[in-house]
């Protein structure tokens with residue numbers, strides 16, 4: 001049986017660079033079922049196009065976070081595949097990675113539905129037709145895969161991804177040899193008829209594997225914090241405002257933050273503020289190497305702040321769901337100064353660095369932000385997501401609600417009773433709006449920590465002399481949506497957080513009405529009588 005010729009490739013057109021990541025753990029692999037777009041309905045690894053301003057490793061880490069909501073700790077280089085489609089002359093160059101360590105838990109997203117499979121139960125019948133030729137060997141031996149796959153035109157009216165496998169070849173693909181025979185030719189005949197150009201391409205690629213692996217090795221071992229610190233941000237907010245992205249040093253901690261506001265709110269033009277600001281800070285004093293005009297005039301601003309603390313892994317810092325200036329609040333997102341991107345360090349309810357990081361947040365709001373953006377310091381609000389809510393309820397509010405005059409706080413999919421004294425509780429709580437939002441399918445650990453947090457805040461308010469009516473007006477909680485962790489819209493983590501943040505002004509500043517949450521129109525339910533929120 002003779003094989004068809006390799007598809008012609010226009011080498012004058014740059015290859016399209018993509019990534020593909022397969023998380024593996026204890027004899028299982030995490031695959032994602034594509035929910036929309038190219039390849040919808042098929043299972044695959046997690047990945048996509050590499051952006052022009054990022055490395056391959058950065059692109060792989062970003063795609064894994066966006067599609068599966070997990071932050072890689074060890075991207076292991078696992079080879080490279082070239083794909084060609086008869087419908088286009090451009091070659092797709094795909095870098096393949098394995099991932100054995102990560103933070104966060106896989107969650108369904110708009111694009112992918114993650115699902116674990118045993119290695120002997122990988123659903124190859126619901127995957128791209130070439131996957132059975134190389135993926136099984138890769139998962140079992142971890143030997144780098146090198147290959148090229150050509151797809152013929154699909155049947156009339158079918159999708160491109162339903163195209164027939166035209167020709168393929170792999171070097172050192174291990175157990176895939178039996179699958180090659182299934183194409184109707186022997187492994188030897190397949191190799192002999194490989195073709196000059198593709199074979200030369202793969203041989204050269206094989207020779208470069210060691211060098212490529214060495215060059216990627218350092219970046220593969222980067223912590224989640226290091227990976228996210230290298231990601232660049234867009235400069236235009238979703239509402240047309242401007243975004244600045246800076247890093248300062250506070251008490252020895254690198255604090256990266258993003259600010260989204262109308263261009264007129266920035267003290268200096270946003271374009272000149274992009275990048276990393278080298279600022280040394282100790283306690284309440286700091287000296288900055290960034291030159292500023294001390295006489296710069298700042299128009300009085302009626303805009304307040306909404307400071308967002310992301311969940312473990314940093315996904316909400318990247319997504320920046322509070323970036324538009326809703327209800328007159330400037331959006332601020334802060335990245336946890338922790339290697340694993342856990343606010344307070346540690347994990348679960350054990351957050352040993354909470355107090356130090358809380359003090360850094362105070363310095364950020366009182367000393368770092370004022371020279372950058374004009375805001376009304378009497379209109380400061382906070383938002384927490386998952387692990388960020390744990391820090392917010394256990395340390396930030398008790399320590400800073402008084403000193404920062406925090407008006408309101410939203411604890412979404414997380415919470416913990418105060419772990420330190422609540423400063424000036426009798427003065428603060430009668431003026432502090434607090435809402436706790438969760439789902440019926442919340443994580444078991446949070447189902448254990450959130451109800452005691454509600455009770456603790458309720459008791460603090462009662463001790464401050466507040467009536468039941470006052471408490472129920474200012475402290476509310478809801479867990480009606482039937483989605484999973486943070487999936488308030490019934491879909492997934494990222495879209496759920498975005499839906500809740502879109503209703504932030506109504507929840508915290510208004511009557512509690514919501515539009516984007518699943519199964520409920522109003523979340524303003526007083527905490528008294530709801531102490532068993534998940535019962």
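The values are calculated or read from the model by the stated rules, or taken from the named source; none is laboratory data. Note that the structure is a prediction, hence the values are computed from the model and not measured. With ideal geometry, Cβ positions are generated from the backbone for all residues, glycine too; neighbour counts draw on all protein chains shown.
Tell me the residue from 418, 371, 430 that is more than 23 Å from residue 342 (Cβ to Cβ) and part of a loop (DSSP other than H, G, I, E, B), please.
That would be 371, the only listed residue that is more than 23 Å from residue 342 (Cβ to Cβ) and part of a loop (DSSP other than H, G, I, E, B).
Counting only residues that are assigned to a loop (DSSP other than H, G, I, E, B), more than 16 Å from the chain's Cα centre (by Cα) and farther than 15 Å from residue 226 by Cβ, which one in segment 52-72 is modelled with the lowest pLDDT?
Step by step, filter segment 52-72, then rank; the result is 53.
Answer yes if at least one residue in segment 467-474 is in a strand (DSSP E or B), touching a helix residue (DSSP H, G or I) at 6+ places or on another chain (Cβ under 7 Å) and either at negative phi or assigned by the TED database to the domain that holds residue 412 (or both), and no otherwise.
No.
Tell me which of these residue 408 doesn't satisfy, since it passes every other one: (1) touching a strand residue (DSSP E or B) at 6+ places or on another chain (Cβ under 6 Å); (2) not in a strand (DSSP E or B).
(2)
Given the criteria at pLDDT 90 or above, buried (at least 21 other Cβ atoms within 10 Å of the Cβ) and touching a strand residue (DSSP E or B) at 6+ places or on another chain (Cβ under 8 Å), does residue 46 qualify?
yes
Is it fair to say residue 78 is more than 30 Å from residue 234 (Cα to Cα) and assigned to a strand (DSSP E or B)?
Yes.
Here's a check for you: in segment 379-405, which residue that is at pLDDT 95 or above and in a loop (DSSP other than H, G, I, E, B) is surrounded by the most Cβ atoms within 10 Å (Cβ to Cβ)?
401
State which residue is surrounded by the most Cβ atoms within 10 Å (Cβ to Cβ) when the search covers only segment 232-272 and only residues that are out of contact with any helix residue (DSSP H, G or I) (no Cβ under 9 Å at 6 or more places or on another chain) and assigned to a strand (DSSP E or B).
260
Surrounded by 19 or more Cβ atoms within 10 Å (Cβ to Cβ), closer than 18 Å to residue 525 by Cβ and modelled with pLDDT of 95 or more: does that describe residue 429?
Details: surrounded by 19 or more Cβ atoms within 10 Å (Cβ to Cβ): yes; closer than 18 Å to residue 525 by Cβ: no; modelled with pLDDT of 95 or more: yes.
So residue 429 fails the test.
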